[in-house]
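Peer 1: Have a look at this one before I ask anything.
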Amino acid sequence: MILAADLNETALSIFAVVVAITLVITYWASKRTSTATEFWAAGRSITGVQNGFAIAGDYMSAASFLGIAGLIFLFGFDGFLYSVGFLVAFLTVLFLLAERMRNGGKFTIADVLAFRLNERPARAAAALGTLSVVAFYLIAQMVGAGVLLQPLTGLGFEVSVIITGVFMLCYVVFGGMLATTWVQIVKAGLLLTATTVLAIMVLVEVGGPIDLFNEARDASPEGAAYLAPGLQYTNPIDTVSLGLGLVLGTAGLPHILMRFFTVPDAKAARSSVVWAVFLIGAFYLMTTALGFGARAILGEDGVAAAGTGGNLAAPLLAEDLGGGAGTVGGDLFLAIIAAVAFATILAVVAGLVISASGAVAHDVWSNIIRKRTGEDAHSPEAEREEVWVARIAAVGIGIIAIAIALIGGSGLNVSFMVGLAFAVAASANFPALLLALTWRRFNTTGAVCGVVVGVVSSIGLIIVSPGVWPGPDSEGSPVGWELKNPGIVSIPLGFLACWLGTVLSSERGNERTFHELNVRAETGLGAERAIAGH
């Protein structure tokens, strides 16, 4: 088993190679990153295929690789729901937002809202939604990094989290979106290769897909119940709530939506989503095999070693398939899989931090505090200032994320935490963004009300949920709230607040900008003019 004992030289060597590759990419990108467009959007030079790999790299996070495999290992069918939800969610992005975001915005979600609404309150609301989502997502990834590094290297959880944070900041501060994009592309290739090899080894070991499910069922003390709903989500409403959060939440994730501003046109944006769906679909199919394979091969004896949230199930499986603990093959395969997982975490946290720093520097600093407009906003001095503020913001956000992850500890399942981030995104960002693009009467009051109510309701229900009040001595939620995921309540509240804020407000005059934005979003006409400084 994996023990946090002596330093593992094999693991450290492979980790060093992976980190060295990413740092070389960062150095290369830093020489090509000076303007705001280069920092936020990689100079809009990323092709559709490259962006598809980068989106997949951004999306296939520690939650996907470690968390989902762990949840399937522990809860069977209920853990599998995450795989289905994460994949289906991209259809929402493809059909509703991908092209429209590329044509209608510039660098961030707020650009789309600010185009047709009062700029300062719209940007403030969008920044609130962005930072709320990033906070939950970042905590999950940092915890995943600590859980992964601690047993492999012998370093403490705290040191592991800090190391992850330092490398993350290097990518963002020095390389911007260009470095982040190529780190994500490399990481996606490594992760797909590693999971493919591991999934094939699992199927060879158990004898085929049918045998995989049968052996997983037989190795579980729950028996047939392991392959049926109800082990984790005993309340069917909770299952529906999780599904809503996952399917609609992707369309509100700031670090995913920012990726559509890195491509040169709407055709490339559409192509990138198609590539991402294909890559992500293949990945989740293999992750499902890893989760059930871990149960079939490791059995109930592996539960304790996999940790409180089951996050180490996939690395343990790799170790076992390589020959077992203490063997050259077992140690080597474990180190390779863990190094790939670490690269996964580094790429995702870099994407999250750059989206959060965009909310602070581009939306809050340049457009709310400095009130830069027109030519002033695109002067070399203004762009240099914005990039410097972004770098300072990235450092601050990174330090806060590290601190929160250290306080939260290693017992959180990363997929559960990311599921909550999706619920916040679906409740706050998605309603306002969708209505801004589709509803002619939608106004600033509606956007602000929707984002604020979405953030407050989703986070408030998370705080009083059973997942935050665990333990054998706990009587559950202090207010009797039973749902683990708030989506089924907070998402309708977000839409309702958007509608009420709009119809009860006396604000008018958004119809003209709606028609202009609608034509631009649907056809691309005027998009480059908007990017150049509409």
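Peer 1: Which order, highest average first, do 69-77, 393-401 follow once you tally other Cβ atoms within 10 Å for each residue and take the mean per peptide? Don't jump to the answer; show the numbers that get you there.
Peer 2: Numbers: 69-77: 27.1, 393-401: 20.0.
Result, highest mean first: 69-77, 393-401.
Peer 1: Can you figure out the FRET efficiency of residue 285 with residue 47, using R₀ = 25 Å and their beta-carbon distance, to the nearest 0.05?
Peer 2: 0.45
Peer 1: Just to be sure I follow: if Rg is taken over the C-alpha atoms of the stretch 82-150 and Rh is the Kirkwood radius over the same atoms, what is Rg/Rh?
Peer 2: Numbers: Rg = 15.8 Å, Rh = 14.4 Å.
Computed over Cα atoms, the ratio is 1.10.
Peer 1: What whole number of Å gives the distance from the Cα centroid of the stretch 180-236 to the Cα centroid of the stretch 266-297?
Peer 2: Answer, in whole Å: 12.
Peer 1: Sticking with this one: May I ask you to derive the FRET efficiency for residue 235 and residue 158 from their Cβ-Cβ distance with R0 = 35 Å, giving the value to the nearest 0.05? Walk me through the numbers on the way to the answer.
Peer 2: On the way: r = 36 Å, r/R0 = 1.02.
It comes to 0.45.
Peer 1: For q values of 0.14 Å⁻¹, compute log₁₀ I(q)/I(0) with the Debye formula on a Cα-only model of the stretch 1-133, without solvent.
Peer 2: Debye output, listed in q order: -1.02.
Peer 1: Same structure, new question: Exposed loop trypsin sites (Lys or Arg not before Pro) only (DSSP loop, at most 15 other Cβ atoms within 10 Å): please give the longest stretch of the chain free of them, not including the sites. Mind showing how you got there, number by number?
Peer 2: Working: sites that count: 31, 32, 370, 371, 440, 441, 508.
It runs 33-369.
Peer 1: Student exercise: in the chain, how many lysine pairs 8 or more apart or on different chains have Cα atoms under 23 Å apart? All intermediate terms of the calculation are to be shown ahead of the outcome.
Peer 2: On the way: 31/106; 31/187; 106/267; 106/371.
Summing the qualifying lysine pairs gives 4.
Peer 1: Which one of 149, 25, 208 has its Cα pushed farthest toward the positive end of the charge dipole of the chain, where Lys and Arg give +1 and Asp and Glu give -1 at the Cβ?
Peer 2: The listed residue farthest towards the positive side: 25.
Peer 1: Report, to the nearest 10°, how far helix 266-298 tilts away from the longest principal axis of the Cα atoms in the chain, using its own Cα long axis and a range of 0 to 90°.
Peer 2: Long axis of 266-298 versus the principal axis of the chain: about 20 degrees.
Peer 1: Note down the magnitude of the dipole of the stretch 9-407 about its Cα centre, charges +1 on Lys and Arg C-beta and -1 on Asp and Glu C-beta and zero elsewhere, to the nearest 20 debye. Can you show the working numbers first?
Peer 2: Values: 20 positive and 27 negative charges, 312 e Å.
Approximately 1500 debye in magnitude.
Peer 1: Let me ask another. Rounded to the nearest 500 deg cm²/dmol, what is the calculated helix-only ellipticity per residue at 222 nm for the chain, with -39500 (n - 2.57) per DSSP H run of length n ≥ 4?
Peer 2: On the way: 24 runs with 379 residues, N = 534.
When only DSSP H runs of four or more count, the value is -23500 deg cm²/dmol.
Peer 1: How many Å³ per residue does the convex hull of the Cα positions in the chain occupy?
Peer 2: On the way: hull volume 68.0 nm³, N = 534.
Dividing the Cα hull volume of the chain by its residue count gives 127 Å³.
Peer 1: Hey, another quick one. Sort 211, 363, 78 so that the residue with the fewest other Cβ atoms within 10 Å of its own Cβ comes first and the one with the most comes last.
Peer 2: Values: 211 13, 363 28, 78 21.
Final ranking by Cβ density, sparse to dense: 211, 78, 363.
Peer 1: Here's something else I'd like to know. May I ask you to list the chymotrypsin sites (Phe, Trp or Tyr not before Pro) in the stretch 189-284 that are in a DSSP loop and have at most 10 other Cβ atoms within 10 Å of their Cβ?
Peer 2: Details: sites: 213, 226, 233, 260, 261, 275, 278, 283, 284; in loops: 233.
Here no chymotrypsin sites (Phe, Trp or Tyr not before Pro) fit, given the DSSP loop and packing criteria.
Read the figures in this text as sums done on the coordinates, not as results from a lab. What you are looking at is a predicted structure, and each value in this text was computed from that prediction instead of being measured. Using ideal geometry, Cβ is built from the backbone for each residue, glycine included, and neighbour counts are taken over all protein chains shown.
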